[in-house]
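The values are calculated or read from the model by the stated rules, or taken from the named source; none is laboratory data. As the structure is a prediction and not an experimental result, all values here were calculated from the model. Glycine gets a Cβ as well: all are built from the backbone with ideal geometry, and neighbour counts include every protein chain shown. We work out accessible area using only protein heavy atoms, side chains counted, and drop any ligands, DNA or RNA first. Shrake-Rupley method; radii C 1.70, N 1.55, O 1.52, S 1.80 Å.
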Amino acid sequence: MSYDIKDIELADAGRDRILWADRDMPVLASIRERFEREKPFEGMQIGACLHVTTETANLVRTMVAGGAKVALCASNPLSTQDDTAAALVKYYGAEVFAIKGEDTETYYKHLDQVIDRHPVVTMDDGADLCDRIHGQRSDALPFVIGGTEETTTGVIRLAAMSAAGALKYPSFNVNDANTKHFFDNRYGTGQSTLDGVVRATNRLLAGRTLVVSGYGFCGRGLAQRAQGMGMSVIVCEVDPLKALEAHMEGYRVMKAADAARFADVWITVTGDLNVIDEPAFENMKSGAIICNSGHFNSEINIPWLEEHATSKETLKPLVDEYTFADGRTIILLAEGRLVNLSCAEGHPAEVMDMSFANQVLAAEYVVKHRDQLEAKCYNIPAEIDDEIARLKLETLGIEIDTLTPEQVEYLNSWTLGTV
C-alpha cells in the first residue's frame, strides 16, 4: 500500500478524533453495518478527492467496510488534517495522498496518484478528480463507471461539462440532495465559517458588520448565524429573487462596491470568480477582514491585491495583511481558500453524517444501476434522500406521523372540495 502523508506517527491522535466524530454520524454508521454484510463494492477501486477530515475518514471507513479499495487525495491544499490522513493509512486500510499546505505541483501529483489506481467510481468535492480524468488523464476513463460530486462549485463544473457534451460518465449531484444542502450548506457552513474567522482572528463579532457575497443556502446560513452573534449583515447578490429574499429577511442588500464601505468582515460563498474585485477593494475601509468559504480561492481577486499592495505581512499563520499607498490595510485569511477548513475543522460531524450518507449511497446506486445510466449529471434519487432523512430522525429518537389511507385518498383526488 502506497501513501504520501506528513507523518504516520500522528495516526493515534487521528484515530481518536475520527472515533469522536463517529459518535455524531449514526446514519453513516448504520449504512456501514449494512455494507459490512452485503459488500456492494467488493474488490472495486474507489478514487476520492475530498477534504481529508475526520468526517471524511468515516466515509472512507464505510466504503472500505463495503469491500472497496480506497485511494484518497485532498480537494484543497489547506483542508487536510494530517493526523486523520495518518490514521486512515495505519488503521483503516486507505491509500492517502494529502499533506496540509502542499503546493500546487504536489496537489496535482496527488490527484494523479489516485487516478493511477484506475478508480471504478470517483468521489469528488469540487470536481478536480473528474476534470483531470476528462482532460490530462483520459487514460483512466475506460475504467470509470460513474461518480459523485457534493459541492456547488463542482456541480457547476459538471453541469457545464454535461451541457457541452464533454461528460463521459454518469455523475450524481449530491450537493442538491435535500438532506445535503438544507443542512450541510446552511447549518454547517454558517457555523464552521464563523468558527474559522474567530479562530484565525479572535475578533469579537458582535457590533461589527458582515458582508456576505452569495445568498444561496450557504449564504443564508452564514447570514443567520452572524446575525445571531450580534453582527449587522449586508448581502451582495446578482440573482434578483435571492436579493429580494435577503431584503425580506431583514438584511441590507447592496452592490459590492457600496458594501465595501461598511465591511468589517467580508465572506464569499458563491462558487464564482472575482466576487471581491477592484471596485470593492478601492472602497474598502482600512482593517477590513476578507475571506472565502466557497470551494476555490478564485472568489477573491488575490492577484489584484498582490499587484497593488505596497507591502504584505504575515501577522500569524494564515493571516496576511496587505498595505496600500494610501495607508489602508486589508487582511486576507487562509490565502483566500476555504476559511472553515483552513483555519478551523470544517463542518460539524452531525451534518456531514447526512452529506456523506448521500455520497456512499449514490456510489452504491452507480454500481447497482451502471447498465441503465447515461453519461450525464443526475440528481440524487428521491428514495435515497427520503431514506437518509428517515434514518436521521430514527437515530435522533424522533417519531413522526404517517398519512391514513383516507388522507392519501384525499391528497390524490380531484373530486373532493368544499363541503
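Quick one: what are the phi-derived ³J(HN,Hα) couplings along the range 41-54, Karplus 6.51/-1.76/1.60 with θ = phi - 60°, whole Hz, x for glycine and proline?
So the Karplus estimates, Gly and Pro as x, are 10, 3, x, 8, 8, 10, x, 10, 10, 9, 5, 8, 10, 4 Hz.
Of Thr122, Leu241, Gly327, which is farthest along the charge dipole of the chain in the positive direction, counting Lys and Arg as +1 and Asp and Glu as -1 at C-beta?
It is Gly327, whose Cα lies furthest towards the positive end.
How much FRET efficiency would the formula 1/(1 + (r/R0)^6) give for Asp326 and Ala159, where r is the Cβ-Cβ distance and R0 is 35 Å, rounded to 0.05?
With R0 = 35 Å, the Cβ-Cβ based efficiency is 0.25.
Rounded if a/c is under 1.5, else prolate if a/b is larger than b/c, else oblate: which is the range 63-147, with a ≥ b ≥ c the root eigenvalues of its Cα gyration tensor?
oblate
State whether the range 219-352 is rounded, prolate or oblate according to the following rule on the C-alpha gyration tensor (a ≥ b ≥ c being the square roots of its eigenvalues): a/c under 1.5 gives rounded; otherwise a/b larger than b/c gives prolate, and the remaining case gives oblate.
Oblate shape, in that a/c is at least 1.5 and b/c is the bigger or equal ratio.
I need the chymotrypsin sites (Phe, Trp or Tyr not before Pro) found in the range 289-331, filtered to DSSP loop residues with at most 14 other beta carbons within 10 Å of theirs.
Sparse-neighbourhood loop chymotrypsin sites (Phe, Trp or Tyr not before Pro): none present.
Counting only protein heavy atoms and using a 1.4 Å probe, what share of the accessible area of the chain belongs to carbon plus sulfur, as a whole percent?
Answer for the chain: carbon and sulfur cover 50 percent of the accessible area.
In nm, to one decimal, how far is the modelled label at Thr395 from the one at Lys316, with both set 7 Å along Cα→Cβ?
Computed distance between label sites Thr395 and Lys316 equals 3.4 nm.
In whole Hz and in residue order, list the ³J(HN,Hα) couplings for the range 86-103 that follow from phi through the Karplus curve 6.51 cos²θ - 1.76 cosθ + 1.60, θ = phi - 60°; x for Gly and Pro.
Karplus values, whole Hz, x for Gly and Pro: 5, 5, 4, 6, 6, 10, 10, x, 9, 8, 10, 10, 6, 9, 4, x, 4, 7.
Placing +1 at every Lys and Arg Cβ and -1 at every Asp and Glu Cβ, with all other atoms neutral, what dipole size does the chain have around its Cα centre, in debye to the nearest 20?
300
What translational diffusion coefficient, to the nearest whole µm²/s, does the range 132-261 have by Stokes-Einstein, given a Kirkwood radius computed over alpha-carbon pairs, a temperature of 20 °C and 1.002 mPa s viscosity?
127
DSSP loop trypsin sites (Lys or Arg not before Pro) in the range 166-229 with at most 14 other Cβ atoms within 10 Å of their Cβ, which ones?
Arg203
Tell me, what HN-Hα J-couplings in whole Hz come from the Karplus equation 6.51 cos²θ - 1.76 cosθ + 1.60 at θ = phi - 60° for each residue of the range 169-182, using x for Gly and Pro?
Running phi through 6.51 cos²θ - 1.76 cosθ + 1.60 with θ = phi - 60° gives 8, x, 9, 9, 7, 5, 4, 8, 4, 4, 7, 9, 6, 5 Hz.
Might you report the magnitude of the Cβ-based charge dipole of the range 244-397 about its Cα centre, with Lys and Arg at +1 and Asp and Glu at -1, to the nearest 20 debye?
Roughly 200 debye, rounded to the nearest 20.
Name the shape class, rounded, prolate or oblate, that the alpha-carbon gyration tensor gives for the range 341-404, where a ≥ b ≥ c are the square roots of its eigenvalues, rounded holds for a/c under 1.5, and otherwise prolate holds if a/b is larger than b/c and oblate otherwise.
oblate
For the range 269-335, what proportion of DSSP beta bridges, expressed in % and rounded to the nearest 5, is antiparallel? The partial results should precede the final answer.
Working: 10 of 14 bridges.
Roughly 70 percent of the DSSP beta bridges within the range 269-335 come out antiparallel.
For the range 327-419, run through the chymotrypsin sites (Phe, Trp or Tyr not before Pro) and keep only the ones in DSSP coil with at most 13 other Cβ atoms within 10 Å of their Cβ.
Numbers: sites: Phe356, Tyr365, Tyr378, Tyr410, Trp414; in loops: Trp414.
When the chymotrypsin sites (Phe, Trp or Tyr not before Pro) of the range 327-419 are filtered for loop state and at most 13 Cβ neighbours within 10 Å, Trp414 remain.
What whole-number value in cubic angstrom gives the convex hull volume per residue for the C-alpha atoms of the chain?
It is 177 Å³ per residue.
Round to the nearest 10 and report in Å² the accessible area of Glu383, as given by a 1.4 Å probe over the protein chains' heavy atoms.
Approximately 120 Å² of Glu383 is accessible to the 1.4 Å probe.
Using Cα-Cα distances under 8 Å and only pairs 6 or more residues apart, what relative contact order does the range 290-417 have, in percent?
18
Which order do the peptides 6-18, 262-274 take when ranked by the mean count of other beta-carbon atoms within 10 Å per residue, highest first?
Listed from highest to lowest mean packing, they are 262-274, 6-18.
Using only alpha carbon pairs under 8 Å that are at least six residues apart, calculate the relative contact order of the chain and give it in whole percent. Walk me through the numbers before you get to the answer.
Numbers: 900 pairs, mean separation 69.2, N = 419.
Over the chain, the number comes to 17 percent.
Quick check on packing: order 329-338, 156-165 by the mean number of other C-beta atoms within 10 Å, highest mean leading.
329-338, 156-165
Quick check on the chain: helices-only [θ] at 222 nm, where DSSP H runs of length 4 and up contribute -39,500 (n - 2.57) each and the sum goes over total residues. Nearest 500, please.
When only DSSP H runs of four or more count, the value is -12500 deg cm²/dmol.
Could you give the dipole magnitude of the range 164-309 about its Cα centre, charging the beta-carbon of Lys and Arg +1 and that of Asp and Glu -1, in debye to the nearest 20?
500
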